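Okay, so here's the structure we're looking at.
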Amino acid sequence: MGSTLNSKWLPVTSTVTVALALLSASTAVISLYFCRKKSKVLYSKIQELEISLNSCLQNSAAERQGRIRAQQDLRKALAEPKSENLEQTSYPMTPIGLVQSCFSTRNGTPRQPLLVPLARACLVFDSARVPPASLEGLVEYSHCWIIYVFHLNTNLEKLWKHPSRSKFKAKVRVPGLKGGKMGVLATRSPHRPCPIGLTVAKVEAVRGNMVLLSGVDLVDGTPVLDIKPYLPYCDSIQGAAVPEWVMVDNILAVASVNFSEGFSSSLSDCWETAKKKSLYASPDELQCLIKQVLSWDIRSLSQRNQPHDPLIKTGNGEAPNSALDSDQNQDQEASDNENSQVCHPSGDVTYHLILEGTNVAYRIDFNGNVTVENVVVSSEILNRNRNRRSFLEWRDELS
């Protein structure tokens, strides 16, 4: 009986098994079909992407070659400007920072760098053009070169004109030659075809986008184009030769600098107001700065030639020096106005030096002896200095 039942169900089981096998096979075939179809679609998309990528690479290479050719053409055009297109030739240059100096005016600003070791300035960079990271490593150098603009020249408007109309002077009179002329490019005159100056200063500290410098010969507000580290092994030239007339700059050194009996007391009174934004740590240090500045005769050529002439007047009434060219004369008059002088009935002259928020009164005799008489606060200069960092704020970097 049992064998009879098994024999009856056997065909059914076989049929079901075959059906399941066929179903599984058809499912596999369908899956394989869709997989192949999907793979074809993906392969087609990959091919399209590869074609698009190759096209982009070719376009990028062509654009790069075009930029390179354009840059080469631009450099060639700039390097070989046509004479008729001089006014159109320019380079992408703009100041990247400003100097906050202890010298508020041109008068008193040293004629050369490092002559006044205590002369300090804070160079503040435009963070949009010079991120603070640009200054990393600068503090490891003792000195740096500074490229700047002679922004206070009185003849800057002439430089915008064509050379044929600018009336630019090829020669300038120099103090070392007692009014004799020399080619402007053989001097350090600020009146140059391009009013760009080069100086060197000691790097005292670096913080954020600011650099504290000393030994500067830069007036407050000077625009800076660039700075570069000073490298002694290639920047210092042993045995370098200079003309004899350059060496006579030493004659501008005064015989002595003395302070009146009440000067220290007056300076201490001024210090209570000036110290808030001063680049100096104490009134004694500020007095040392005054002595270093006045150790050189900072008077203009006309003032030195006529030091006790009662006809000399203060301000705009000062007589020009006929020995100078017009551009130099205009700058000298501006400098003389900064170094205002008062003539006394005795014939003595009191000069004024505006320095680090103070107005210093001094006299100098025929023998080159300087007597510093008095000092008062210059409110106008202090207001101008209100946004700069003081010595106390630099103390951590200097320690």
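The values are calculated or read from the model by the stated rules, or taken from the named source; none is laboratory data. For clarity, every value in this text was computed on a predicted model and none was experimentally measured. Backbone-built Cβ (ideal geometry, glycine too); neighbour counts: all protein chains shown. Ligands, DNA and RNA are excluded from the accessible area calculation, which covers all protein heavy atoms including side chains. Shrake-Rupley method; radii C 1.70, N 1.55, O 1.52, S 1.80 Å.
Any idea what diffusion coefficient segment 161-274 gets from Stokes-Einstein, in µm²/s, Kirkwood Rh on alpha carbon pairs, 10 °C, 1.306 mPa s?
On the way: Rh = 19.0 Å.
The Stokes-Einstein estimate is 84 µm²/s.
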Taking the alpha-carbon centroid of each part, what is the distance from segment 33-56 to segment 117-146 in angstrom?
56 Å
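Using a 1.4 angstrom probe on the protein heavy atoms only, could you order Arg64, Arg120 from most to least accessible area?
Working: Arg64 110, Arg120 30 Å².
Most to least solvent-accessible, the answer reads Arg64, Arg120.
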Starting from the amide H of Leu279, placed 1.01 Å from N in the peptide plane, find each other amide H under 5 Å away whose residue is 5 or more places distant or on another chain.
Phe391
Using mean Cβ contacts within 10 Å as the protection proxy, how do 271-277, 156-162 order, highest first?
271-277, 156-162
Mean Cβ count within 10 Å, highest first, over the residues of peptides 197-203, 216-222:
216-222, 197-203
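Output the direction-averaged projected area (hull surface divided by four) of the convex hull of the alpha-carbon atoms of segment 130-223, in nm².
On the way: hull surface 31.8 nm².
It is 8.0 nm².
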Would you please put 51-61, 183-193, 295-305 in order of how densely packed they are, using the mean number of other Cβ atoms within 10 angstrom per residue and starting with the highest?
295-305, 183-193, 51-61
